[in-house]
Amino acid sequence: ATHNDMTKVSRGLKYETQKFVAEELSNITMPEMKGNEGRFQYTIREVKIHELNLTHADLAFQPGLGLLFEIQNSSISLSFQRRILYWLFYDTGYTNASAEGVNIQTVLHMNKDEAGRLKISNITCDASIAKMKMKFTGTLGRVYDFLGTFLTTGMRYVLNKQICPVMNHAALVSVNSLLDTIPVRTEVDNYVGIDYSLLSDPVVTSRSLDMDFRGMFFELANENETLVNYAVNPIVKEHNRMVYLALSEYFFDSGLYSYFKAGIFQMNIANENMPKDLEMILRTTYFGAIFMMNPALVEYPISLKLELTSAPKTTIKTSGATVAVTATVTVLVCPPGAPPVQLSKMTMVRENAPCHLVFFGLLIFINEVREEKGLG
């Protein structure tokens with residue numbers, strides 16, 4: 001298996017997490033509240049959250065636990081419809097309120113599911129609201145301001161009880177539903193596919209979230225035949241950037257092996273695909289051999305067959321990456337209506353070819369074969 005360690009620094013995730021939490025908290029719904037205080041009878045309904053000021057939000061890694069998202073000393077602005085009866089006076093209208101000193105602490109516990117997808121397995125949540133303020137308007141605004149303490153206490157209690165259930169739903173339902181849509185095994189083209197499922201549960205350290213992916217290519221026609229992994233696991237030692245992606249030799253080798261098994265690394269160059277200058281060189285080089293073999297073959301087309309005899313093998317060191325390639329080049333003369341006649345067969349071995357040049361050549365090679373078979 002290939003190990004792709006993605007180390008995510010909290011600075012990069014903070015903004016998106018804060019944005020997501022604000023959107024989820026804005027969906028808080030509160031039940032209708034009814035009661036009485038002395039001669040006052042009240043009903044509070046249609047509570048709406050208008051603004052969340054999450055100015056003091058932080059994201060951190062909790063070793064062995066998960067991701068900690070913490071909100072401190074923030075505020076929530078809301079409004080509600082009031083209906084108040086005092087003696088024979090009836091008053092209705094909308095009231096603006098604010099929850100201040102809002103503190104929320106959540107820890108997301110993560111693992112992998114049976115398919116190898118990232119999942120949030122559990123969430124721990126603790127929320128508190130220090131105080132609430134509300135400003136009454138209308139006919140009896142000043143008269144029943146003393147109700148503020150009573151009402152704010154009840155609303156603060158109810159609002160506080162809604163925060164953690166919303167956070168739990170957001171993580172265990174909304175986020176996990178989104179994660180379910182992410183494929184972990186998919187086709188690359190008509191020949192090979194790739195498996196990038198998680199091999200183990202994510203590991204959380206004091207400064208990173210490390211995820212170990214399979215990173216394995218496979219031949220679509222024979223998905224169960226895969227290359228055995230003997231590569232050394234890559235290790236990320238830096239933590240200055242948001243994301244690090246480390247690829248082992250197996251990532252490249254499994255891809256090359258899969259294309260090799262699919263028969264991609266072979267090509268016949270003949271007829272209109274044969275460059276005129278190359279054809280001239282081959283005819284000049286092998287004219288004597290053809291004439292000695294059979295003079296009648298001299299005028300027939302010449303073809304060139306290129307084929308890798310084994311899957312290329314990559315080697316990654318601190319000094320750079322190289323690829324070992326073994327290929328055969330066969331020169332053929334092709335009389336019409338008869339089997340091709342071999343003129344020459346050469347084996348080429350390159351042990352330490354520069355990785356970027358080989359991969360560039362192989363990509364061109366694969367593309368040529370795909371176009372030849374109408375799969376481009």
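Readers should treat all values here as calculations from the given coordinates under stated rules, not as data from a laboratory. On a predicted model such as this, the values are computed, not experimentally measured, just so you know. Don't worry about glycine lacking a Cβ; one is built from the backbone with ideal geometry, like all the others, and counts go over all protein chains shown.
Residues SER319, SER77, ranked from the fewest to the most other C-beta atoms within 10 Å, line up as SER319, SER77. Multiplying the residue separation of ASP189 and LEU306 by 0.36 nm and subtracting their alpha-carbon distance yields 39.9 nm. The slack between MET267 and SER200, meaning 0.36 nm per residue of separation minus the straight C-alpha distance, is 20.1 nm.
In this structure, the residue pairs whose Cα-Cα separation is over 20 Å, taken from LYS237/LYS317; LYS48/LYS161; LYS112/LYS237, are LYS112/LYS237.
Each residue, LYS276 and GLU16, gets one label point 7 Å from its Cα in the Cβ direction; the gap between the two is 5.5 nm. Our summary of shape: the Cα atoms of region 196-246 have principal axis extents of 42, 19, 17 Å, ordered from largest down, in whole angstrom. Between the beta carbons of TRP87 and GLU46, assuming R0 = 25 Å, the FRET efficiency works out to 0.50 to the nearest 0.05.
Summarising the label geometry, the points placed 7 Å from Cα in the beta-carbon direction at ALA338 and VAL158 lie 9.7 nm from one another. Between 0 and 90 degrees, rounded to the nearest ten: what's the tilt of helix 249-261 against the longest Cα principal axis of the chain? For helix 249-261, the angle is close to 50 degrees.
Note: relative contact order over the chain, using C-alpha pairs below 8 Å and six or more positions apart, is 15 percent.
Hey, what angle do you get for helix 10-25 against the long axis of the chain, alpha-carbon based, 0 to 90 degrees rounded to 10? Helix 10-25 sits at roughly 50 degrees to that axis. Here r is the Cβ-Cβ distance between ASN222 and VAL298 and R0 is 45 Å; the resulting FRET efficiency, rounded to 0.05, is 0.55. For the chain, the longest principal axis of the Cα atoms and the long axis of helix 276-293 meet at an angle of about 40 degrees. Shown here for region 196-271: chymotrypsin sites (Phe, Trp or Tyr not before Pro) in loop regions (DSSP other than H, G, I, E, B) with at most 15 other Cβ atoms within 10 Å, namely TYR230.
For the chain, the dipole from Cβ point charges (+1 on Lys and Arg, -1 on Asp and Glu) about the Cα centre works out to 1420 debye, to the nearest 20. Put a plus charge on the Cβ of each Lys and Arg, a minus charge on the Cβ of each Asp and Glu, and nothing anywhere else: the dipole of region 192-279 about its Cα centre is then about 360 debye.
Evaluated at q = 0.09, 0.13 Å⁻¹, the base-10 log of the normalised Debye intensity for the chain, with identical point scatterers placed on the Cα atoms, takes the values -0.73, -1.06. For region 233-272, a Kirkwood hydrodynamic radius built from all Cα pairs, placed in the Stokes-Einstein relation at 20 °C and 1.002 mPa s, yields a translational diffusion coefficient of 159 µm²/s.
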